[in-house]
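Notes to accompany the following structure.
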Amino acid sequence: MVQSLEGNSLEERVAYLQQLSDGANEELREHYEFRLQMSWIYHDSAIEGVVYTQDELNAALTDQPVTETALIPVYDEIRQHRAALRLVHELAQKKRLTISADVIKDIYSLLAPEELEGKGGPKYRKDMPLHRLYFHEISQPDKIGYRMRQLVQWMNAPETKRSTHAVRLASKAHLTFLQIYPFPRQSGKVARLLLNLILMRNSYPPVILHATERQRYYEAIKAGDDAVARIVTDALGAGVESAIHFFEHPPA
């Protein structure tokens, strides 16, 4: 019999959530995964200033045909985001994985397939964007390649993994990526997918940063490591409790 561990550590709550999920029937798990996917895409897009309706998300994610031409770009964006989520889930399950620059580019390619057309693969940005959502300092274009190599080396270093808690490592990798801001678009989404890839490979559920936390999130990015780690930890704890509640009190 699974016993609730309310009040215990995050790791114990994550383990309890895993027990609940393992003990649930397949239909309930699929329902949870679909709700998680919708929430993830909705909130992650809202962080970027793009708000989808419930109907748009449901239609796109259930692969309904597009009935209005004006909705084609909306459905495409949602489905591209879904493809990137699926890739991250697949990568998280691999027994051996080095999170390389190529892996990050693969994630980006699913979010921005137009960047691949006739160019032989995604490229780092070549200029400083004049208008953007994020107002922290970002790398000059000629420094991007070097800083990306540094990030990849740091993330995969045995010493980093030994000395840095997984949540802290994921938070710092995510922040460093945003400070580099390597791609001409979608760098924010890629940064949060990178965050979640690291968390999921360390047996944590994905973190969804809610739209209501948008301003706090932007301010945390400007403030640095500690502020980002706090907002990620808060979101992780809230997500775990929400998922536990779902499996303890499944919808009728």
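Do you know which residues across the stretch 191-232 are more than 15 Å from Leu178 (Cβ to Cβ), hydroxyl-bearing (Ser, Thr, Tyr) and under 14 Å from the mean Cα position of the chain (by Cα)? Correct list: Tyr204 only. Taking the stretch 67-78 as the range and being free of Cβ contacts under 8 Å to residues at least 24 places away in the same chain and either of a type in the set (Asp, Glu) or loosely packed, with under 14 Cβ neighbours inside 10 Å (or both) as the test, the residues that pass are Thr67, Glu68, Thr69, Ala70, Ile72, Pro73, Asp76. Within the stretch 42-59, being small (Gly, Ala, Ser) and exposed (fewer than 14 other Cβ atoms within 10 Å of the Cβ) holds for one residue alone: Gly49. Of all residue pairs spaced 6 or more apart or on separate chains, those with beta-carbon atoms under 7 Å, a first member in the stretch 50-65 that is farther than 18 Å from Ala211 by Cα and a second member that is part of a helix (DSSP H, G or I) and of a type in the set (D, E, K, R) are Ala60/Arg79; Leu61/Arg82.
Residues in the stretch 97-119 that are within 20 Å of Arg149 (Cα to Cα) and not in a helix (DSSP H, G or I): Leu97, Thr98, Ile99, Ser100. Here Glu159 meets the list (1) free of Cβ contacts under 8 Å to residues at least 24 places away in the same chain; (2) surrounded by 15 or more Cβ atoms within 10 Å (Cβ to Cβ) almost entirely, failing just condition (2). The residues of the stretch 202-252 that are within 18 Å of Leu20 (Cβ to Cβ), without any contact (Cβ under 8 Å) to a residue 24 or more places away in the chain and either in a loop (DSSP other than H, G, I, E, B) or of a type in the set (Ser, Thr, Tyr) (or both), listed by number, are Ser242, His249, Ala252.
Only the coordinates and a few stated rules stand behind these numbers; no lab work does. Computed from a prediction, not measured in an experiment: that's the story for all the values here. Because the Cβ atoms are built from the backbone with ideal geometry, glycine has one as well, and the counts that use them run over all protein chains shown.
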